[in-house]
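Trainee: Got a structure for you, written out below as structure tokens; questions coming shortly.
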Amino acid sequence: MSTVTASPGTTAAHAASRLTRTLPRATASAGVLAAAATTASAAVLRTAGIPLAAHGKIQLAAFAQLTLIAAVIGGVLLAVLIRRSSAPRQRFVQITAGLTALSCAIPAAFADTIASKAALAALHLLAAAIIVPVLARPVD
């Protein structure tokens, strides 16, 4: 059984509508911020001599592109959960925690060196640490 709590005069449909109106802006903001942070961090790591490579050198633009794609996927996931779940934000955090862990396993499997594995996993965590809280915060 689910319970929807809203301020007086606000229906559940209106609250969901408000969430989906602000979700694209939150997704874009989180994506741009996370893309900038991961790209800048990757540049700093590369300057420090840490090779960022998985079967070849990863271009800096790829960090921005893939981070933006991850943010959009997160926004779409949350939009689906808002429509279909009784506790969309809680489910979103649970699902993204699992997806973040899975995304950290990918560099562990494919990165060329131990330093690359650790650095790429840290960049995945950085992106998730920016995107997930922005999308999971409640909208008043």
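The values are calculated or read from the model by the stated rules, or taken from the named source; none is laboratory data. What you are looking at is a predicted structure, and each value in this text was computed from that prediction instead of being measured. Virtual Cβ from ideal backbone geometry, glycine too; neighbours counted across all protein chains shown.
Trainee: Given the options Ala101, Ala64, name the one that is within 17 Å of the chain's Cα centre (by Cα) and surrounded by 15 or more Cβ atoms within 10 Å (Cβ to Cβ). Working first, answer last.
Mentor: Values: Ala101 fails: surrounded by 15 or more Cβ atoms within 10 Å (Cβ to Cβ).
Selected residue: Ala64, the only one of Ala101, Ala64 that is within 17 Å of the chain's Cα centre (by Cα) and surrounded by 15 or more Cβ atoms within 10 Å (Cβ to Cβ).
Trainee: For Ala122, only one of the following conditions fails: (1) over 17 Å from the mean Cα position of the chain (by Cα); (2) at pLDDT 95 or above. What is its number?
Mentor: (1)
Trainee: Can you tell me which of (1) of a type outside the set (Val, Ile, Thr); (2) part of a helix (DSSP H, G or I); (3) modelled with pLDDT under 95 is the one Ala37 doesn't meet?
Mentor: The one condition Ala37 does not meet is (3).
Trainee: State the number of residues belonging to the range 95-140 that are basic (Lys, Arg) and within 16 Å of Arg46 (Cα to Cα).
Mentor: Residues in the range 95-140 being basic (Lys, Arg) and within 16 Å of Arg46 (Cα to Cα): 1 in total.
Trainee: If you don't mind, another one. For the range 91-112, what are the residues that are over 22 Å from Ala35 (Cα atoms) and either in contact with a strand residue (DSSP E or B) (Cβ under 7 Å, 6 or more places away or on another chain) or at pLDDT 95 or above (or both)?
Mentor: Kept after step one, since they are over 22 Å from Ala35 (Cα atoms), are these residues of the range 91-112: 91, 94, 109, 112.
Residues satisfying the conditions are Arg91, Gln94, Asp112.
Trainee: Taking the options Ile69, Ile73, name whichever one is surrounded by fewer than 13 Cβ atoms within 10 Å (Cβ to Cβ), closer than 17 Å to Leu123 by Cβ and within 11 Å of the chain's Cα centre (by Cα). Explain how you work it out, then say what you get.
Mentor: Working: Ile73 fails: surrounded by fewer than 13 Cβ atoms within 10 Å (Cβ to Cβ).
Unique residue meeting the criteria: Ile69.
Trainee: Among the residues of the range 44-69, which ones are out of contact with any helix residue (DSSP H, G or I) (no Cβ under 6 Å at 6 or more places or on another chain) and in a helix (DSSP H, G or I)?
Mentor: Val44, Arg46, Thr47, Ala61, Ala62, Gln65, Leu66, Ile69, listed by residue number.
Trainee: Taking the range 81-93 on its own, how many of its residues are surrounded by 12 or more Cβ atoms within 10 Å (Cβ to Cβ) and part of a helix (DSSP H, G or I)?
Mentor: 8
Trainee: Within the range 35-56, how many residues are surrounded by 13 or more Cβ atoms within 10 Å (Cβ to Cβ), within 17 Å of Asp112 (Cα to Cα) and free of Cβ contacts under 8 Å to residues at least 40 places away in the same chain?
Mentor: The total comes to 1.
Trainee: Since Asp112 meets every condition but one in (1) assigned to a helix (DSSP H, G or I); (2) in contact (Cβ under 8 Å) with a residue 40 or more places away in the chain, which condition does it not meet?
Mentor: (1)
Trainee: Next question. Do we have Pro107 as touching a residue at least 40 places away in the same chain (Cβ under 8 Å), surrounded by fewer than 13 Cβ atoms within 10 Å (Cβ to Cβ) and part of a helix (DSSP H, G or I) here?
Mentor: No; evaluated as a whole, the condition is false for this residue.
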